[in-house]
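Written below as structure tokens is the structure these notes are about.
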Amino acid sequence: QVRLVESGGGLVQPGGSLRLSCVASDGNIFGRSTMAWYRQTPGKQRELVAVITDSARHTNYADSVKGRFTISRDNMKNIVFLQMNNLKPEDTAVYYCNLGATTSGYWGQGTQVTVSS
């Protein structure tokens, strides 16, 4: 069992920035796992936002966030980050950290991001 704890969400104005963090409880598993960020709004399916491989050699992004969001990781500290710039109201959602980049993987509890003026 791996526990994932997200932080960094909040209220931000359009055009602003936030950095989400997700700490994993098991460094051995974390270091060997692809990590992902998903987001979900009420009434909609959970959407894959960004993915990063175990070595951080490869990343991938949803078209809606390309050029604005950056996923990164620190395998020494068991943390994965999501830097979100130029935020838009449509980025408002609960953001979830995921280990394995699969819906059957481990999930964090989520952190709310609200983009509003």
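The values are calculated or read from the model by the stated rules, or taken from the named source; none is laboratory data. If you're wondering where the values come from, they're calculated on a predicted model, not measured in any experiment. Here the Cβ positions follow ideal geometry from the backbone for every residue, glycine too, while neighbour counts run over all protein chains shown. Ligands, DNA and RNA are excluded from the accessible area calculation, which covers all protein heavy atoms including side chains. Shrake-Rupley method; radii C 1.70, N 1.55, O 1.52, S 1.80 Å.
Can you name the number of the only condition in (1) within 14 Å of the chain's Cα centre (by Cα); (2) outside any strand (DSSP E or B) that Tyr96 fails?
Of the numbered conditions (1) within 14 Å of the chain's Cα centre (by Cα); (2) outside any strand (DSSP E or B), the odd one out for Tyr96 is (2).
Matching residues to (1) free of Cβ contacts under 8 Å to residues at least 60 places away in the same chain; (2) farther than 17 Å from Val5 by Cβ:
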| residue | (1), (2) |
| --- | --- |
| Leu48 | yes, yes |
| Ser55 | yes, yes |
| Phe81 | no, no |
| Asp91 | yes, yes |
| Thr114 | no, yes |
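Going through the stretch 30-42 one residue at a time, which ones are surrounded by 14 or more Cβ atoms within 10 Å (Cβ to Cβ) and more than 21 Å from Tyr95 (Cβ to Cβ)? Steps first, please.
Keep residues of the stretch 30-42 that are surrounded by 14 or more Cβ atoms within 10 Å (Cβ to Cβ), which gives 30-31, 33-40.
The answer is Gly31, and nothing else.
Take the residues in the stretch 24-50 that are aromatic (Phe, Trp, Tyr) and closer than 10 Å to Cys97 by Cα; name whichever of them is farthest from the chain's Cα centre (by Cα). Talk me through it step by step, then tell me what you get.
As a first pass, look at the stretch 24-50 and keep what is aromatic (Phe, Trp, Tyr): 30, 37-38.
Cutting the leftovers down to closer than 10 Å to Cys97 by Cα gives us 37-38.
Values: Trp37: 3, Tyr38: 6 Å.
Once the filter is applied, the top-ranked residue is Tyr38.
Kindly indicate the residue of the stretch 6-22 that is over 11 Å from Met84 (Cβ atoms) and within 11 Å of the chain's Cα centre (by Cα) and also most open to solvent (accessible area, probe 1.4 Å) among those meeting that condition.
Restricting to residues being over 11 Å from Met84 (Cβ atoms) and within 11 Å of the chain's Cα centre (by Cα), the top hit is Ser7.
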